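Here, each number is a calculation from the coordinates, and none is a lab measurement. Nothing here was measured: the structure is a model prediction, and the numbers come from that model. Because the Cβ atoms are built from the backbone with ideal geometry, glycine has one as well, and the counts that use them run over all protein chains shown.
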Amino acid sequence: MFAPLSAGATALLVCSAAFLKRCAAEIQRRSVKVPGIGMSGGMYRKLDDDGRTAIAGRRAYEQAGVGPMNIDVAEVHEAMVFS
């Protein structure tokens, strides 16, 4: 089952630190740093392999240099979940 278009929305504007410095003070004040992201995909895997979400999570933790105990809030999106 694919998530329907009416299921919700999220938007994130990604820019360089140099661009942010040229933005208005209010924009700079509200900005956040995203230290790591993780993505994973693929069709073929063994049934006992880690799921794509687990792989993506490990990649994000590694990029950010943190672990699950360091995270208070996480946005996880999986548009193709089978019931």
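Brief remarks on what is shown
- Calculated FRET efficiency, Lys46 to Asp72, Cβ-Cβ distance, R0 = 35 Å: about 0.55 to the nearest 0.05.
- Among Met69, Met39, the ranking by other beta carbons within 10 Å of each residue's beta carbon, starting with the fewest, stands as Met69, Met39.
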